[in-house]
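Student: Please find one structure pasted underneath; my questions will follow.
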Amino acid sequence: MSLTASSGATDAALIVQGTEVETRALKMLASLTGSRSIMGLGRGAFRMLEARPHDHIAGFCAGERIDWAWVPQARRLDGLKLAAFDMDSTLITIECIDELADFAGRKAEVSAITAAAMRGELDYPQSLRQRVALLAGVPASALQSVHDERLHLSPGAESLLRRLRQLGVKTLLVSGGFTFFTDRLRDRLQIDFTRSNTLAIEDGKLTGEVIGQIVDADEKAAELARRMDALGLSAAQVLAVGDGANDLKMMALAGVSVAWRAKPAVQQAATHALNHSALDAVLNLYTPGSAAAAPDPPTDC
């Protein structure tokens, strides 16, 4: 994971953030890295300037439940033009298909397949068809029930999307989940583009099939590539956030990729990992530019 890069004090700052970062922890990190200047970035987030790499940073931060990253000074927030997000367990806290399966009394079975697919142990299209087949006969009304009763935004998601709109950054929600949910999130969060799967419904019930091409890892990457081409963007202008193996190809196209409370393989492949901070902490992985002069509102944790 490139957040362990050894680029030091001259061209990168050490960003540390979490739900709560104690003064004691900051002092220890300053001692380890030789940083003599610490700037607050908002609640629970700090930029440590003139810091030097140290072998004990990772272990110390893990023990303190602190996210950390080396952020190049040249990576400016006003250079970000497109942000792409996975949905399930990233922008929202649940896996929608697992919650739908609960209405069929098969949540444990579907959740086990979901977990294996997210770890990259199963072919995603095959695993999705297996899981959707188990939903056959579930009332279509269950979609609305899951949305209204179980779907919750990840901490910081709403403030992140609001800030991106303020900065003029285009947003893309690309998911192996379902249009019923991505459409509603698009409207709620004012997301610019979405791409996801469509569940077949007949006589008011799910048929256990997906209509059209399945949005898998390749299609996620292809959708992001299409949006980048249409907007004339380079990788350096793009951010991608995900948590599972089917996000890796999409994340590889972005100049900055963030593994959000993700599976180990995803954390290893991403530019940065966030395991403790709210989702809007991704903004601190950029050096503030002129477009980001106004302070962010508090995170909606």
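Bear in mind these aren't lab numbers, they're just calculated from the coordinates by the rules spelled out. This is a predicted model, so every value here is computed, not measured. Every residue, glycine among them, receives a Cβ derived from its backbone with ideal geometry; neighbour counts consider all protein chains shown.
Student: How many angstrom separate the Cα center of segment 123-188 from the Cα center of segment 226-291?
Tutor: 18 Å
Student: Related question: Counting only Cα atoms, I'd like the Rg/Rh figure for segment 109-251, Kirkwood definition for Rh.
Tutor: Numbers: Rg = 15.9 Å, Rh = 16.4 Å.
Rg/Rh: 0.97.
Student: So, one more: On the principal axes of its Cα set, how long, how wide and how thick is segment 1-74? Give whole Å, largest value first.
Tutor: Taking the Cα atoms of segment 1-74, the three principal extents are 27, 23, 21 Å.
Student: On to the next question. If each DSSP helix of 4+ residues adds -39,500 (n - 2.57) and the sum is divided by the residues in the chain, what number results at 222 nm, nearest 500 deg cm²/dmol?
Tutor: Values: 11 runs with 105 residues, N = 301.
The helix contribution divided over the chain gives -10000 deg cm²/dmol.
Student: For q values of 0.16, 0.24 Å⁻¹, compute log₁₀ I(q)/I(0) with the Debye formula on a Cα-only model of segment 47-140, without solvent.
Tutor: -0.84, -1.20
Student: To continue, here is another question. Suppose each label sits 7 Å from its Cα in the direction of the beta carbon; what would the GLU22-ASN275 distance come out to in nanometres?
Tutor: 1.9 nm
Student: Follow-up question, since we're still on this one. Step through the table entries LYS205/LYS249; LYS170/LYS249; LYS27/LYS81; LYS107/LYS205; LYS170/LYS205, compare each Cα-Cα distance with 25 Å, and write down the pairs that go over it. Display every interim value, and only then the final one.
Tutor: Numbers: LYS205/LYS249 34 Å; LYS170/LYS249 20 Å; LYS27/LYS81 35 Å; LYS107/LYS205 18 Å; LYS170/LYS205 35 Å.
Those over the limit are LYS205/LYS249; LYS27/LYS81; LYS170/LYS205.
Student: A further question follows. Sorting check: for 48-56, 275-283, which peptide has the highest mean count of neighbouring beta carbons within 10 Å, and how do the rest follow?
Tutor: Working: 48-56: 15.6, 275-283: 23.7.
Ranking the peptides 48-56, 275-283 by packing returns 275-283, 48-56.
Student: Could you order the peptides 211-217, 113-119, 169-175 from most to least packed, using the average number of other C-beta atoms within 10 Å per residue?
Tutor: Details: 211-217: 16.4, 113-119: 18.9, 169-175: 23.3.
The peptides rank, most packed first, as 169-175, 113-119, 211-217.
Student: How do 228-235, 239-246 rank on mean C-beta neighbours within 10 Å, highest first? Let's see the in-between values first.
Tutor: On the way: 228-235: 12.8, 239-246: 25.9.
Put in order of decreasing packing, that is 239-246, 228-235.
Student: Taking the square root of 5 times each eigenvalue of the Cα gyration tensor, what semi-axes in Å does the equivalent ellipsoid of the chain have, largest first? Provide the component values of the computation, followed by the final result.
Tutor: Working: eigenvalues 259, 76, 59 Å².
Ellipsoid half-lengths, sorted descending, are 36, 20, 17 Å.
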